[in-house]
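Trainee: Below you will find the structure I want to go over with you.
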Amino acid sequence: MKVFVSGALRGFFGHSGSVEAAGTTLGELLASMTDEYPGSRKALFDDNGRLRAYIRVFVNGEDHTPETYRPAPLPEGAEILLLPLIAGGAPEEPLVSDERRKGVTLDNSDIERFNCHLLLREVGVKGQKRIRAAKVAVIGAGALGSAVIQYLAAAGVGTMKVADPDQVTLSNLQDQVLYGLRDVKRPKVASVRDRVRGVDRGIQITAENIRIDETNVQEFIAGSDLVVDCTDNYVSRYVISDACVLSGIPLVFGSMHHYEGLVTVLGHRGGPCLRCLFPSLPPPGLVPTCAEGGVLAPLPGIIGSIQAGEVLKLLTGLGEPLNGRLLSLDMLSWRQSVLRIRRNVGCPVCGDSPTITDVEAFDYRDFCGLNEADDQIPVEALEPDEFARRLEQGPALTVVDVREPHERAILRFPGAVIIPIGQLARRQKELDPARDTVFICREGKRSILAVNTLREAGYTGPMYSLKGGLNAMKDTIFSHEGGWL
Ligand SMILES: [Zn+2]
């Protein structure tokens with residue numbers, strides 16, 4: 001009987017497209033094939049003698065794996081095909097062209113420095129030259145950025161651009177490993193510049209102390225081979241993804257929350273963009289930012305390192321980058337999945353008939369729910385000073401702490417009614433509508449959500465949000481010599 005063999009399996013059968021084999025069942029047939037070509041046994045069967053799961057067996061065009069892999073007689077004259085899963089398709093084209101690669105020379109110290117890359121057959125001198133010729137823009141120099149920037153600098157990326165608007169704070173040192181005590185109160189980009197130069201003086205580094213938004217994103221990423229998104233908020237992420245699609249620059253996306261992370265490559269060779277993946281975003285206040293939600297220290301290092309790895313793969317054409325695939329990683333269980341994601345033909349940016357063709361013309365704050373809707377009554381906010389004054393005046397004020405228990409363990413607010421945000425609607429009877437009620441949280445976002453939640457639930461009493469949350473009260477609290485702390 002003739003068995004057709006496909007793809008990489010042919011190598012085990014003398015590179016022939018078909019093999020004559022004897023037998024009346026599939027089992028006998030395969031046994032006769034492996035007897036004839038002993039080298040194929042390990043490719044076809046595992047140690048327990050089971051057909052390997054990456055091979056499908058078709059009998060007369062129908063999939064007979066693995067259910068029919070049992071001694072059932074095969075139909076007379078059946079056409080049998082062994083089809084292995086094919087992994088990669090065509091090899092990736094490197095983002096950095098041969099022409100640009102040829103313009104780079106490596107000197108003796110480069111040869112020594114990049115020795116471990118040169119030893120990798122798939123990277124080698126050619127790959128290292130591509131990395132050297134590359135221009136990469138990193139947006140955000142926080143926790144993810146710390147890992148991305150340091151690994152890209154160490155790997156020898158020739159031209160790097162970094163943007164970040166912030167100064168280093170003490171709380172950054174928990175997971176932003178690029179910085180140390182001497183960097184506190186310094187612009188992050190100043191330390192980035194020093195660090196990159198400290199690793200490799202051959203790198204051209206531009207580090208700008210700016211917040212990337214719709215007005216400057218196009219200019220910032222122009223001319224880059226790749227952009228790496230290391231930001232921590234929705235507005236920036238959509239601005240960056242849209243700008244990358246419109247500029248035709250691939251984007252390496254990384255994000256994280258608590259113990260979980262996501263990495264993907266967006267807008268690359270027909271793959272999806274961020275809007276294809278998540279056409280809309282959760283309502284404000286539901287998913288906290290990293291600063292509000294917390295993150296276990298090494299997670300950004302892990303996710304950022306994966307991003308840096310994807311950058312190097314894309315620049316050199318190595319392996320299978322995560323375009324069209326979303327890597328999801330959970331640190332607590334090490335559960336990992338690689339999900340297939342597709343371009344949405346109706347996507348407003350990368351779809352077949354896009355409606356967003358200019359980032360400056362799109363209202364990102366509105367899209368992200370940051371503008372108050374016209375029909376919504378604005379939430380009244382109390383400034384920290386005013387709040388402190390009213391507290392001192394006496395008991396005419398009800399303070400409701402909507403934070404979670406573990407947050408209250410960090411900073412207690414005495415005398416507050418404790419109702420976590422999720423319980424607010426059903427516990428509204430505990431509040432007195434005749435009294436002024438002030439909601440407090442960490443950053444002043446959930447307190448706004450609290451007021452809106454109670455309004456929707458029909459609560460009619462006067463409500464205020466503490467502007468900036470307890471974060472904004474720190475100075476007031478500590479200058480009160482423990483008066484009400
Ligand atoms: Zn899209």
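Trainee: Here's a check for you: in region 435-485, which residue that is more than 35 Å from the chain's Cα centre (by Cα) and among the hydrophobic types (A, V, I, L, M, F, W, C) is modelled with the lowest pLDDT?
Mentor: Only one residue tops the list, namely L485.
Trainee: A follow-up question, please. Taking region 306-345 as the region of interest, how many residues are open to solvent by 60 Å² or more (accessible area, probe 1.4 Å) and either of a type in the set (S, T, Y) or without any contact (Cβ under 8 Å) to a residue 12 or more places away in the chain (or both)?
Mentor: Residues meeting the conditions: 4.
Trainee: Could I ask something else about it? Looking only at region 1-21, filter to residues that are assigned to a helix (DSSP H, G or I) and open to solvent by 60 Å² or more (accessible area, probe 1.4 Å); which one of those is nearest to E76 (Cα to Cα)? It would help to see each step written out before you state the result.
Mentor: Residues of region 1-21 assigned to a helix (DSSP H, G or I): 7-13.
Subsequent filtering for residues that are open to solvent by 60 Å² or more (accessible area, probe 1.4 Å) retains 8, 10, 12.
Numbers: A8: 28, R10: 24, F12: 26 Å.
Restricting to residues being assigned to a helix (DSSP H, G or I) and open to solvent by 60 Å² or more (accessible area, probe 1.4 Å), the top hit is R10.
Trainee: I would also like to ask the following. Please go through region 238-256 and give me each residue that is over 10 Å from the mean Cα position of the chain (by Cα) and away from the ligand (no atom under 12 Å from the Cβ), ordered by number. Reasoning before the result, please.
Mentor: Taking region 238-256 first, the residues over 10 Å from the mean Cα position of the chain (by Cα) are 238-251.
If the condition is that a residue be over 10 Å from the mean Cα position of the chain (by Cα) and away from the ligand (no atom under 12 Å from the Cβ), then V239, I240, A243, S247, G248, I249, P250 are the ones that fit.
Trainee: With respect to L152, determine if the residue is assigned to a helix (DSSP H, G or I), open to solvent by less than 10 Å² (accessible area, probe 1.4 Å) and of a type outside the set (V, I, T).
Mentor: Numbers: assigned to a helix (DSSP H, G or I): yes; open to solvent by less than 10 Å² (accessible area, probe 1.4 Å): yes; of a type outside the set (V, I, T): yes.
Judged against the criteria, L152 is a match.
Trainee: I would also like to ask the following. Which ones in region 22-51 are without any contact (Cβ under 8 Å) to a residue 40 or more places away in the chain, in contact with a Lys or Arg (Cβ under 8 Å, 6 or more places away or on another chain) and open to solvent by 20 Å² or more (accessible area, probe 1.4 Å)?
Mentor: Within region 22-51, F45, D46 qualify.
Trainee: Could you list, in sequence order, all residues of region 212-247 that are touching a helix residue (DSSP H, G or I) at 6+ places or on another chain (Cβ under 8 Å), open to solvent by 60 Å² or more (accessible area, probe 1.4 Å) and touching a residue at least 40 places away in the same chain (Cβ under 8 Å)? Before the answer, list the steps.
Mentor: Taking region 212-247 first, the residues touching a helix residue (DSSP H, G or I) at 6+ places or on another chain (Cβ under 8 Å) are 212-215, 217-218, 221-222, 225-232, 235, 237-244, 246-247.
Those still in the list that are open to solvent by 60 Å² or more (accessible area, probe 1.4 Å) too: 215, 218, 222, 232, 246.
Answer for region 212-247, where residues must be touching a helix residue (DSSP H, G or I) at 6+ places or on another chain (Cβ under 8 Å), open to solvent by 60 Å² or more (accessible area, probe 1.4 Å) and touching a residue at least 40 places away in the same chain (Cβ under 8 Å): T215, Q218, D232, L246.
Trainee: A further question on this structure: Go through the residues of region 93-107 one by one and say whether even a single one is assigned to a helix (DSSP H, G or I) and surrounded by 13 or more Cβ atoms within 10 Å (Cβ to Cβ). Give the steps one after another, and end with the answer.
Mentor: Here is the first cut: in region 93-107, the ones assigned to a helix (DSSP H, G or I) are 98-102.
Add one more test, that the residue is surrounded by 13 or more Cβ atoms within 10 Å (Cβ to Cβ), and what stays is 100-101.
So far as region 93-107 goes, yes, one or more of its residues are assigned to a helix (DSSP H, G or I) and surrounded by 13 or more Cβ atoms within 10 Å (Cβ to Cβ).
Trainee: Which pairs turn up if I take residues in region 350-361 that are of a type in the set (G, A, S) and look for partners that are within 12 Å of the ligand (Cβ to nearest atom) and open to solvent by 70 Å² or more (accessible area, probe 1.4 Å) with beta carbon separation below 8 Å, at least 6 apart in sequence or on another chain?
Mentor: Hits for this filter: G351/R343; G351/V345.
Trainee: Looking only at region 208-226, how many residues end up being of a type in the set (A, V, I, L, M) and farther than 18 Å from V189 by Cα?
Mentor: Just the residues of region 208-226 that are of a type in the set (A, V, I, L, M), to begin with: 210, 212, 217, 221-222, 226.
After this cut, where a residue has to be farther than 18 Å from V189 by Cα as well, the list is 222, 226.
Of the residues in that region, 2 qualify.
Trainee: Whether any residue in region 275-296 is at pLDDT 90 or above, outside any loop (DSSP other than H, G, I, E, B) and away from the ligand (no atom under 16 Å from the Cβ) is what I want to check. Before you say what the answer is, go through the steps one by one.
Mentor: Let us first name the residues in region 275-296 that are at pLDDT 90 or above, namely 275-276, 296.
Retained after the next criterion (residues that are outside any loop (DSSP other than H, G, I, E, B)): 275-276.
Narrowing the set further to residues that are away from the ligand (no atom under 16 Å from the Cβ) leaves none.
The answer is no, given that none of the residues of region 275-296 is at pLDDT 90 or above, outside any loop (DSSP other than H, G, I, E, B) and away from the ligand (no atom under 16 Å from the Cβ).
Trainee: Another question about this same structure. Among the residues of region 352-375, is there at least one that is β-branched (V, I, T) and more than 30 Å from P272 (Cβ to Cβ)? Give the derivation first.
Mentor: So in region 352-375, the residues β-branched (V, I, T) come out as 355-357, 359.
Add one more test, that the residue is more than 30 Å from P272 (Cβ to Cβ), and what stays is none.
No, region 352-375 contains no residue that is β-branched (V, I, T) and more than 30 Å from P272 (Cβ to Cβ).
Trainee: I'd like the residue in region 349-367 that is open to solvent by less than 70 Å² (accessible area, probe 1.4 Å) and closer than 24 Å to G324 by Cβ and, out of all such residues, is nearest to the ligand (Cβ to nearest atom).
Mentor: Just the residues of region 349-367 that are open to solvent by less than 70 Å² (accessible area, probe 1.4 Å), to begin with: 349-351, 354, 356, 359, 362, 364, 367.
With the extra rule that they be closer than 24 Å to G324 by Cβ, the set shrinks to 349-351, 354, 356, 359.
Details: V349: 5, C350: 3, G351: 6, P354: 8, I356: 10, V359: 14 Å.
Checking each candidate, the answer is C350.
Trainee: Another one. Here is a check on your reading of the model: is A72 outside the structural domain of E310 (by TED's automatic domain parsing), in contact with a strand residue (DSSP E or B) (Cβ under 7 Å, 6 or more places away or on another chain), at pLDDT 80 or above and over 30 Å from T316 (Cβ atoms)? Let's see the steps before the verdict.
Mentor: Numbers: outside the structural domain of E310 (by TED's automatic domain parsing): yes; in contact with a strand residue (DSSP E or B) (Cβ under 7 Å, 6 or more places away or on another chain): yes; at pLDDT 80 or above: no; over 30 Å from T316 (Cβ atoms): yes.
So A72 fails the test.
Trainee: Still on this structure, please answer the following. Regarding region 332-348, can at least one residue be identified that is hydrophobic (A, V, I, L, M, F, W, C), within 16 Å of the ligand (Cβ to nearest atom) and in contact with a helix residue (DSSP H, G or I) (Cβ under 7 Å, 6 or more places away or on another chain)?
Mentor: Looking for residues that are hydrophobic (A, V, I, L, M, F, W, C), within 16 Å of the ligand (Cβ to nearest atom) and in contact with a helix residue (DSSP H, G or I) (Cβ under 7 Å, 6 or more places away or on another chain), one finds at least one in region 332-348, hence yes.
Trainee: So, V177, is that one surrounded by 17 or more Cβ atoms within 10 Å (Cβ to Cβ), assigned to a loop (DSSP other than H, G, I, E, B) and in contact with a helix residue (DSSP H, G or I) (Cβ under 6 Å, 6 or more places away or on another chain) or not? Walk me through it before giving the result.
Mentor: Numbers: surrounded by 17 or more Cβ atoms within 10 Å (Cβ to Cβ): yes; assigned to a loop (DSSP other than H, G, I, E, B): yes; in contact with a helix residue (DSSP H, G or I) (Cβ under 6 Å, 6 or more places away or on another chain): yes.
So V177 fits the description; yes.
The values are calculated or read from the model by the stated rules, or taken from the named source; none is laboratory data. Remember, predicted model here, so these are calculated numbers, not experimental data. A quick note on method: Cβ atoms are made from the backbone with ideal geometry, for glycine too, and the neighbour counts reach across all protein chains shown. Protein only, heavy atoms only, side chains kept; ligands, DNA and RNA dropped before computing areas. Shrake-Rupley method; radii C 1.70, N 1.55, O 1.52, S 1.80 Å.
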